[in-house]
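Quick notes on the structure that follows.
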Amino acid sequence: MSSFAVTHIDAQRVRRRLVIGAATRDMAIDFAESLYGLALYLCAVRVKDSAQ
C-alpha cells in the first residue's frame, strides 16, 4: 500500500489536504471524493513512505 498526498477543492472553494493510504491513485481519489463530494480540483501524488 502506498501513501498519496491529496488536495481536494470543492465548488465552494474549500481546500482540503490529507494523506491517504491506498493501493492505487484511483482508489485515493475515490476515497477523497466519497469524503468531500465532487471536486472542482483534485490532485493525488504518491509520496515515499518512511519504510520504503
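What follows draws every value from the coordinates through simple rules; no lab data is involved. As the structure is a prediction and not an experimental result, all values here were calculated from the model. Here Cβ is always computed from backbone atoms with ideal geometry, including for glycine, and neighbour counts include all displayed protein chains.
Remark: the range 2-47 carries a charge dipole of roughly 240 debye about the Cα centre, counting +1 on each Lys and Arg Cβ and -1 on each Asp and Glu Cβ. Can you give me the angle between helix 25-36 and the longest principal axis of the chain, using Cα atoms only, in degrees from 0 to 90, rounded to the nearest 10? Taking the Cα atoms of the chain, the angle to 25-36 is about 40 degrees.
With r as the distance between the Cβ atoms of residue 5 and residue 40 and R0 = 25 Å, compute the FRET efficiency 1/(1 + (r/R0)^6) and round to 0.05.
Details: r = 18 Å, r/R0 = 0.72.
Once the sixth-power term is evaluated, E becomes 0.85.
The coefficient of translational diffusion for the chain, derived via Stokes-Einstein from the alpha carbon Kirkwood radius under 10 °C and 1.306 mPa s, stands at 144 µm²/s. Helical content of the chain, expressed as a calculated mean residue ellipticity at 222 nm, amounts to -7000 deg cm²/dmol (DSSP H runs of 4 or more residues, -39,500 (n - 2.57) each, divided by residue number, nearest 500).
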